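Report on one structure; see the data block that follows.
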Amino acid sequence: MFWSTFNKLQLSPDQLRPYVGCLYDFAGDQVEVRGHIELRTTFTDGVASYTANISYFVVNAPSAYNILLGIPIDPAC
C-alpha cells in the first residue's frame, strides 16, 4: 500500500508495525518501507466474496496505483 493511500484511508501511523528488511520497486531501486499493517480485506467478483486478514507493507513511493497485491519476497539486503 502506498503512503498516499494509507493517508486517504485515515489510518493512524501508530497502527504501523516496524518492518526490518528491504523492498524494491520494478526498476530495482530500494523503496522506503514505513511499516506494515494488517487489515480485514474483502475480495469479490460481483457474485461471491471472501474476507481475510491481509498484511500490507506501507511504502513511501510514487505510483499510479493505490495498492499492489502479490507474494512478498524478502531478499537478503
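The values are calculated or read from the model by the stated rules, or taken from the named source; none is laboratory data. Since the model is a prediction, treat every value here as computed from it, not as a measurement. Note that each Cβ is placed from the backbone with ideal geometry, even for glycine, and that neighbours are counted across all protein chains shown. Surface areas here come from the heavy atoms of the whole protein model, side chains and all, with no ligands, DNA or RNA. Shrake-Rupley method; radii C 1.70, N 1.55, O 1.52, S 1.80 Å.
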Quiz item: Given 19, 56, which one is open to solvent by 50 Å² or more (accessible area, probe 1.4 Å) and aromatic (Phe, Trp, Tyr)?
Solution: 19
Quiz item: Name the residues in the range 29-59 that are of a type in the set (A, V, I, L, M, F, W, C) and touching a residue at least 12 places away in the same chain (Cβ under 8 Å), would you?
Solution: 31, 33, 37, 39, 52, 54, 57, 58, 59
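In the range 22-35, which residues are outside any strand (DSSP E or B), open to solvent by less than 80 Å² (accessible area, probe 1.4 Å) and closer than 14 Å to residue 59 by Cβ? Before the answer, list the steps.
In the first step, residues of the range 22-35 are kept if they are outside any strand (DSSP E or B); the result is 22-23, 25-29, 31.
Cutting the leftovers down to open to solvent by less than 80 Å² (accessible area, probe 1.4 Å) gives us 22-23, 25, 28, 31.
Matches in the range 22-35: 22, 23, 25, 31.
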Practice problem: Those residues that are of a type outside the set (Gly, Ala, Ser) and part of a loop (DSSP other than H, G, I, E, B), I need them from the range 36-49; list them, please. | Solution: 45, 47
